[in-house]
Structures are given as structure tokens and as C-alpha cells.
1. Using the Kirkwood radius built from alpha carbon pairs, what does the Stokes-Einstein equation give as D for region 59-181 at 37 °C and 0.692 mPa s, in µm² per second?
2. Please list, in order along region 36-44, the HN-Hα scalar couplings obtained from phi with the Karplus expression 6.51 cos²θ - 1.76 cosθ + 1.60 (θ = phi - 60°), rounded to whole Hz, x for Gly and Pro.
3. Placing unit charges on C-beta atoms (Lys and Arg positive, Asp and Glu negative, everything else neutral), compute the dipole magnitude of the chain about its Cα centre in debye, rounded to 20.
4. What are the ³J(HN,Hα) values, in whole Hz, obtained from phi via the Karplus relation 6.51 cos²θ - 1.76 cosθ + 1.60 with θ = phi - 60°, for each residue of region 78-85 in sequence order, with x given for Gly and Pro?
5. When all alpha-carbon pairs of region 110-262 are counted, what percent fall beyond 23 Å?
6. Please name whichever of Leu51, Leu33, Leu80 sits farthest to the positive end of the charge dipole of the chain, dipole taken about the Cα centre and charges placed at Cβ: Lys and Arg +1, Asp and Glu -1.
7. Please state the shape class of the chain: rounded when a/c is under 1.5, otherwise prolate if a/b exceeds b/c and oblate if not, all from the C-alpha gyration tensor.
8. If you bin every alpha carbon distance in region 89-146 into 10 Å steps from zero, what whole percent lands in each bin?
Amino acid sequence: MRYELQDGRILTWSLETHVAAHCNLRCVQCCPLSPHLPAWAVEPSALRDDLSRLARALRPNVFKLTGGEPFLHPDLPAVLDAVRASGIASQVSITTNGFLAQSAPDAVYERLDRMTLSVYSSAPLPERSIARITERCEQHQVHLSVKRIDAFQQLTPDTPHDTDEAIRGVHARCWLKVRCHLVHAGRFYACTRPPHVATVLGREYPDMPALGEVDGVTLDTPDLLGQLLGYLERETPLATCRYCLGGDGAWLPHAQLPRAWS
Ligand code: SF4
Ligand code: SF4
């Protein structure tokens with residue numbers, strides 16, 4: 001994969017951040033592993049610092065507030081102001097399951113350009129809620145995409161890949177490394193998996209390194225542009241790829257984990 005530069009910044013498809021790590025749903029095979037993570041919400045000032053540094057080297061087409069469920073953040077207007085102040089992207093989007101979006105303050109809608117509403121067959125958002133969110137988006141000129149989802153792709157393998165060839169293959173075929181770039185806690189990652197996989201699976205695999213620290217690029221590196229470009233264009237898998245199926249996983253009917261899962 002080769003990336004173009006414009007005005008000294010790398011042009012990318014999108015960049016996202018996990019505004020809240022936790023979620024009000026418990027989807028099986030949740031990509032960022034939210035059902036298994038403790039409650040956590042990003043500090044707006046810390047996000048602004050991270051994005052201001054990143055904005056000198058990266059120009060994503062759109063910046064996405066994701067999670068977990070972003071509407072669980074206690075001060076989304078402050079998060080959105082931090083994103084705008086950084087100048088990272090001209091389009092700002094939020095991805096939500098919708099259960100809290102219909103009653104969010106106007107101050108959130110006023111600060112958004114786009115919303116992606118994921119409606120899951122295993123926990124369907126009532127049609128009246130979808131209608132209310134549609135109405136509010138129209139009122140505030142927020143472009144709404146409603147995605148109805150009845151299947152999930154398995155992302156976590158039953159056991160880690162045991163050969164370098166298998167890991168290289170998973171990484172080479174993975175589309176997420178181009179579409180799902182993440183900024184989290186002072187680091188840039190090619191996908192959303194590294195910060196959370198060790199937190200959740202480290203209990204099962206004591207030899208697993210601290211993937212969130214091994215993978216990614218730290219934003220205080222002196223040559224951020226060069227480091228990012230090398231990281232994005234390299235063919236070497238991430239350490240996290242050993243514990244991930246990328247785009248290779250089987251498609252399964254959408255389902256929720258029981259509340260008592262541990
Ligand atoms: S709604 Fe999204 S973030 Fe929440 S558990 Fe489901 S897939 Fe994960
Ligand atoms: S860890 Fe590797 S295989 Fe998994 S999503 Fe990221 S780049 Fe793709």
C-alpha cells in the first residue's frame with residue numbers, strides 16, 4: 001500500500017478514536033472488544049493534544065468518533081470541540097448503536113457532519129427511535145447512514161496463529177489496516193485492535209507482549225511524518241495480527257453475549 005502526500009500530510013481514508021471504551025450492548029465479536037473492557041472515556045484535552053500533533057503529518061478524509069458507544073461519554077460537545085480545534089479533518093462523524101443518540105443534546109448534533117447508525121438484528125433499535133434520530137439529523141444537517149447488520153465476522157481466532165506464514169497472510173489480506181486507523185492514548189495504530197487485545201486476551205496467553213506498546217507509532221517521535229509513512233506502507237505484520245483474523249474470519253449470525261459473561 002502506497003500513500004499520497006498533500007501539503008506535507010499523508011492522505012488517508014479515515015481516522016477514528018474510541019471516545020468511550022465501554023458499550024451499552026454486548027455484541028459477540030465486537031471489533032474493539034468493548035463488552036470485555038472496563039468503563040473508560042477519553043479526556044478531551046488529551047485527545048486535542050494527540051490530534052494536534054497528528055494533524056501535522058496526517059490528513060484523513062473523515063475523523064470518526066467510535067467506541068464502545070460514543071454517546072456514553074459524559075461530555076461529547078467538549079470532545080467534538082477538541083477534534084475541531086486540532087484541524088485534523090474537515091468532516092467529523094460519529095458511529096453509534098443509536099440507543100442514546102435520540103436524546104442527546106442539540107450541542108452534539110450541532111457539532112457533527114455525519115452519523116453512522118448501526119442497527120443490529122440481535123438488539124434492534126425501535127423504528128420510532130430511528131425516525132427520531134433521522135428527524136434530528138435533518139434538523140441539524142447531519143448526513144445520516146443507517147446500516148442494518150445481521151451478521152458479524154469473527155475477528156478473534158480460537159487459538160493464536162502459530163506460523164509466521166499464517167500471520168503474514170492474515171496481515172496481507174486485511175482491509176482494516178487501510179480503513180480503520182486509530183489514535184489512542186498518544187499512539188497511532190493501523191487498526192483498532194492493538195490497544196485492547198492484550199487487555200482482554202492477555203489472561204489466556206501469558207506470553208503475549210503488551211501489544212498496545214509494541215504496535216503503533218508514538219506521537220511524540222521527532223520524525224512523525226517519516227515514521228507514520230514507514231509504518232503504514234510496511235509489509236511487516238503487527239504483533240497483534242498473531243491474535244486476529246483480520247478479514248479472513250467466518251461470517252456468523254449477529255448475537256449478544258449474555259450479561260453474566262466473564
Ligand atoms: S454496539 Fe458496537 S461497540 Fe457496542 S458491543 Fe456492539 S459492536 Fe461493540
Ligand atoms: S491486527 Fe492485523 S489482521 Fe487484525 S485488524 Fe489489525 S492489521 Fe488486520
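1. Working: Rh = 16.4 Å.
Once the numbers are plugged in, D ends up at 200 µm²/s.
2. Coupling constants for region 36-44: 10, 9, x, 4, 7, 10, 5, 7, x Hz.
3. That gives a dipole near 440 debye.
4. So the Karplus estimates, Gly and Pro as x, are 5, 5, 5, 5, 5, 5, 4, 5 Hz.
5. It works out to 52 percent of all Cα pairs.
6. Leu80
7. Values: a/c = 1.74, a/b = 1.13, b/c = 1.54.
Note, shape of the chain comes out oblate.
8. 24, 60, 15, 1
Each value in this text was obtained by applying a stated rule to the coordinates, not by laboratory testing. For clarity, every value in this text was computed on a predicted model and none was experimentally measured. Positions of Cβ are backbone-derived with ideal geometry, glycine not excepted, and every protein chain shown enters the neighbour counts.
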